[in-house]
Amino acid sequence: MASPLSDELSMDEYSLSSSVLLIGTIIPEEPLPQEKNSLSDLKRDENLWFEDGSIVLATDVHLFCVHKSILANNSSVFKDMLAMPSGGGTGSSDEEDTYEGKPVVKMVGDSDDDVRYLLMALYNHNFFRANNPTTAPILLSLLYASSKYDVPAIRSEVIKHLKSYYADELPKLRKCDLKDLVFGSDSSSDVDNDFDVKDFAFQLLSAGLRANLKEQLPTMYMECAGHPPKRILRLSNKFSLGNDVIGNILSGREKLSKWPYFFAANVFSPQLDCNFITCWETRSTALFDWIIKNQNHRELTRRITVEGVPCFIKEELSKKICADCLKRADTLFADVKSKFWPDLPKIFGLGTWEDLKKSV
Ligand SMILES: [Zn+2]
């Protein structure tokens, strides 16, 4: 991992689960230790402690001494918070805390990772760059924290990064894997063993909803809807997706299921004659075979949309189908694809693409 702060990252792998819990807004069964911790119990963060800093941010683990000007210049939320007479505080203002004479802001509701990664990104512009390898916790934390604290420079970089997989326009839907969002498209298959791409899809949807993303939601929902219902329920609960969201995934899953058939039926068009009886027989048989082989086909929708006709007509099959029918398959496939894409937000109860773009 080509990160200037890779020492930190290995440690953070350990805290992935706690970060996920906070991102997913699961309410801990036990009270947060934060209430009991006094500032003197917290550790100074080694990397994000500037002696000339003017403010101390406190999570339930660390203290970060940073500069008010950096926070205020990049975040409207910090700017407003720091303009208050007390100098900040995200929660109660019962007593004004200071640490070594510097005002302290308690980062209530944020995990230690959320705060650390946000600050790292603010202080080092190479810490997170769109379309470069990163880690799942960094991506999730930056999406959450840049939205909560309104840090447009970081939020837009995160969204740009997400768009490489979660396209908001049909031509931008590319052939790539969800894991590429973390490891990059050049990564080999022997990636981080702790990374679970199934979990990641649901974590991202959860984070995307909390960050009020719009244009990425249809493809985020589509990704989750490709999984079997039991897994959808398990992972939706694990990452605290609400009942309405689970309902949209499941009902969207059913609506999504007709599209692979539409694609297949149009590509093979067994109802249409041509001059070659073997071509017609091949197309009829191929459609039947495809349906039998792809009973669990929902996860295919993205692949079909991206790969096109070769997804159905492999090289061997193409030798048995006549040129006219191959040409027609391309045309009809494109026709179905142009109908599928506008339908995608509706499938998940999100209105139209125009609605989503307007509300950004
Ligand atoms: Zn033909």
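Some points to look at:
- Taking (1) outside any helix (DSSP H, G or I); (2) surrounded by fewer than 21 Cβ atoms within 10 Å (Cβ to Cβ) in turn, residue 213 satisfies each apart from (2).
- If you go through region 231-254 and keep only what is in contact with a helix residue (DSSP H, G or I) (Cβ under 6 Å, 6 or more places away or on another chain) and not hydrophobic (A, V, I, L, M, F, W, C), you end up with 236, 252, 253.
- Matching residues, region 60-87, being in a loop (DSSP other than H, G, I, E, B) and modelled with pLDDT of 95 or more: 67, 75
- Some residue of region 347-357 being within 16 Å of the ligand (Cβ to nearest atom), among the small types (Gly, Ala, Ser) and either free of Cβ contacts under 8 Å to residues at least 60 places away in the same chain or surrounded by 15 or more Cβ atoms within 10 Å (Cβ to Cβ) (or both): no
- Boolean, residue 138 is more than 14 Å from the chain's Cα centre (by Cα), assigned to a helix (DSSP H, G or I) and within 23 Å of residue 179 (Cβ to Cβ): no
- Hey, residue 289 among the acidic types (Asp, Glu), over 30 Å from residue 247 (Cβ atoms) and surrounded by 12 or more Cβ atoms within 10 Å (Cβ to Cβ) or not: yes
- Some residue of region 233-248 being closer than 23 Å to residue 337 by Cα, of a type in the set (A, V, I, L, M) and part of a helix (DSSP H, G or I): no
Matching residues to (1) crowded, with 17+ Cβ neighbours inside 10 Å; (2) within 14 Å of the ligand (Cβ to nearest atom); (3) over 20 Å from the mean Cα position of the chain (by Cα); (4) on the phi > 0 side of the Ramachandran plot:
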{"site": "269", "(1), (2), (3), (4)": "yes, yes, yes, yes"}
{"site": "272", "(1), (2), (3), (4)": "no, yes, yes, no"}
{"site": "334", "(1), (2), (3), (4)": "no, no, yes, no"}
{"site": "340", "(1), (2), (3), (4)": "yes, no, yes, no"}
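- All positions within region 128-149 that are surrounded by fewer than 23 Cβ atoms within 10 Å (Cβ to Cβ) and either in the same structural domain as residue 78 (by TED's automatic domain parsing) or small (Gly, Ala, Ser) (or both): 130, 147
- Qualifying residue in region 194-201 (condition: part of a helix (DSSP H, G or I) and of a type in the set (D, E, K, R)): yes
- Selection from region 149-208 of residues that are at positive phi and in contact with a helix residue (DSSP H, G or I) (Cβ under 6 Å, 6 or more places away or on another chain): 150
- Taking (1) under 32 Å from the mean Cα position of the chain (by Cα); (2) away from the ligand (no atom under 16 Å from the Cβ); (3) among the charged types (D, E, K, R) in turn, residue 330 satisfies each apart from (2).
- Matching entry among 263, 312 (being more than 12 Å from the ligand (Cβ to nearest atom) and closer than 30 Å to residue 247 by Cα): 263
- Unmet requirement for residue 175, which otherwise passes all of (1) closer than 16 Å to residue 219 by Cβ; (2) basic (Lys, Arg); (3) in a helix (DSSP H, G or I): (3)
The values are calculated or read from the model by the stated rules, or taken from the named source; none is laboratory data. Note that the structure is a prediction, hence the values are computed from the model and not measured. Cβ atoms come from the backbone with ideal geometry, glycine included; neighbour counts cover every protein chain shown.
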